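Contents: one structure, followed by commentary.
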Amino acid sequence: MNKANVRKLALDVLLAIEEREAYSNLLLNKAIETNSLSSKDVALLTEIVYGTIQRRDTLDYYLKPFMKTKKLERWVHILLRLSLYQMIYLDRIPDRAILFEAVEIAKKRGHKGIASMVNGVLRSIQRQGVPSLERIRNEVERLSIATSHPRWLVQRWVEQFGMEETKKMCEANLLPPEQTARVNTWKTTVAEVLTMLKEEGIEAVPSNVVDAGIKILKGNAARTKAFREGLLTIQDESSMLVGYALGVHEGDRVLDSCAAPGGKTTHIAELLRNTGQVIALDLHEHKVKLIKDQAERLNLSNVEAMQMDSRDVGARFSEESFDKILVDAPCSGLGVIRRKPEIKYNKKEEDIEQLASIQLDILSAVAPLLKKGGTLVYSTCTIDRAENERVIAQFLATHPQFELDPTLESRLPAPVQRYVHNGQLQLLPHYFYSDGFFIASLRKKGE
């Protein structure tokens, strides 16, 4: 496939993401699977799609002075964005090639008038350069445009974490995501998996965060023999921490109340060394199948996946029937912007408050099912305190039989221990360039 067709495909993917509010990673993977792309084409397509989404608001700021009409068809606007992204951020591609291919796409998809307009806008930018961000005097607004994060979100983070930390987070969110994987140490070792991957041309190194983790430098670990044989699972390093936070022992009965797609479920099952039982719940039947598929691939027989709203667990399970419970709650996902950049545009401030209410309901529903002395771990892939510390505080205020667990730190890998405070861990995206993540460990008082 030539570069012009890669750009046409990028336009199609970006348009579909905006029109359907779909996840970029899913649509991009589908486009790669259904088209005959070389590794170079895959890399270029991925860079253009993710880069254009990540920098959307910055690109629009740069385009605005050169747009004579505000009523552009959506595909034309996206074509200008992805072309300007290449001009500014991809030094290896000459401007003349970018302009030529943008005009050709405009001709084929539209007409000569649109092609002329696209050519005019891009050539004007080429001659005059883009407007300086220093023109924006308000510090929050400037950071918002410079890093392409909604202003309400930047303001919220500044209030919670301060300007310096917010700037680091926003800048980290612009970096391309890395592929990491969890080695199934019940069956093999990190060293053995790294050797297998090397034999298949995959460059990988041990994680500097989690002992069982590896970081993929080149290639796709999901298409390897090691993956097919259940020796590894694709999972972010932050997400791997949840299994350790639970502190399971062989023979434990564990509830994973919001389990799909099953990464944490299967990690817990591996830590149990295929003993005990992990009951994995999800609201949707097709997601329950994902959990079952994962367990089967990993040859785990101690996982039972079922469809259920976790707020209704009391009708199915007896009180004090689980040794450990995980609530990996549905959340805003603001910690995974690197992987799903469209999240920052699709979420609204009121969504956070609504999610916090659901999170609290789930915690309250599962609480009676935990044995006295048992551990309840609450986790989210977000960094917003309304969904994290505030939810935990509200839960503890209405459930005096629970308390924060001061031993959480001892169960987590050494590199993250300094971020644990009072039984709670908040990882921000720039700490390890992993997902932003929150974990709280609660203990049920008693035996």
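The values are calculated or read from the model by the stated rules, or taken from the named source; none is laboratory data. Being a predicted model, the structure only gives us computed values, none of them experimental. Cβ sites come from the backbone with ideal geometry, for glycine too, and all protein chains shown count toward neighbours. When the accessible area is computed, the model is the full protein with side chains, heavy atoms only, and any ligands, DNA or RNA have been set aside. Shrake-Rupley method; radii C 1.70, N 1.55, O 1.52, S 1.80 Å.
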Its Cα gyration tensor gives the range 143-239 an equivalent ellipsoid whose semi-axes in whole Å, largest first, are 36, 13, 10
In Å², rounded to a whole number, the accessible area per residue of the chain with probe 1.4 Å is 45
Here the net charge surrounding Val140, from other residues whose Cβ is less than 12 Å away from its Cβ (Lys, Arg +1; Asp, Glu -1), is +2
Semi-axes of the range 22-111 from the Cα gyration tensor (sqrt of 5 times each eigenvalue, largest first, whole Å) come to 22, 15, 15
Going residue by residue through the range 238-249, the Karplus relation 6.51 cos²θ - 1.76 cosθ + 1.60 with θ = phi - 60° gives ³J(HN,Hα) values, rounded to whole Hz and with x marking Gly or Pro, of 4, 5, 5, 5, 4, x, 5, 4, 5, x, 6, 10
If N is the residue count of the chain, its Cα Rg over 2.2 N^0.38 Å rounds to 1.06
Amide H neighbours of Asp328 at under 5 Å, excluding residues fewer than 5 places away on the same chain, with H built from the backbone geometry, are Ser257, Cys258, Ser379
Note on the range 256-332: alpha-carbon gyration tensor, axes a ≥ b ≥ c; rule is a/c under 1.5 for rounded, else prolate if a/b larger than b/c, else oblate; result oblate
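Which value at 222 nm does the chain reach when only helices count, each DSSP H run of 4 or more adding -39,500 (n - 2.57), with the total divided by all residues and rounded to the nearest 500 deg cm²/dmol?
One gets -15000 deg cm²/dmol as the mean residue ellipticity at 222 nm.
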Taking only the alpha-carbon atoms of the range 268-313, the convex hull volume per residue, in cubic angstrom, is 59
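Roughly speaking, what % of Cα-Cα pairs in the range 44-183 are separated by over 24 Å, rounded to a whole number?
On the way: 3704 of 9730 pairs.
Every Cα pair in the range 44-183 considered, those over 24 Å come to 38 percent.
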Ranked by GNM mean-square fluctuation in the chain (Cα springs under 10 Å), the top entry among Lys347, Lys112, Lys372 is Lys112
Total charge of the residues flanking Leu334 in space, meaning their Cβ is under 9 Å from its Cβ, with Lys and Arg +1 and Asp and Glu -1, is 0
Percent relative contact order for the range 285-411, counting Cα pairs under 8 Å at least six residues apart, stands at 30
Links exceeding 29 Å between C-alpha atoms in this model, out of Lys167/Lys289; Lys225/Lys287; Lys30/Lys107, come to Lys167/Lys289
Taking Cα pairs closer than 8 Å and at least 6 residues apart, the relative contact order of the range 246-321 in percent is 32
Reported to the nearest 10 Å², Glu139 has, with a 1.4 Å probe, an accessible area equal to 100
Cα gyration tensor of the range 263-384 diagonalised, 5x eigenvalues square-rooted, in angstrom largest first, produces semi-axes 26, 19, 13
Here the alpha-carbon Rg of the range 370-435 over 2.2 N^0.38 Å rounds to 1.18
Relative contact order in percent for the chain (Cα pairs under 8 Å, 6+ apart) equals 12
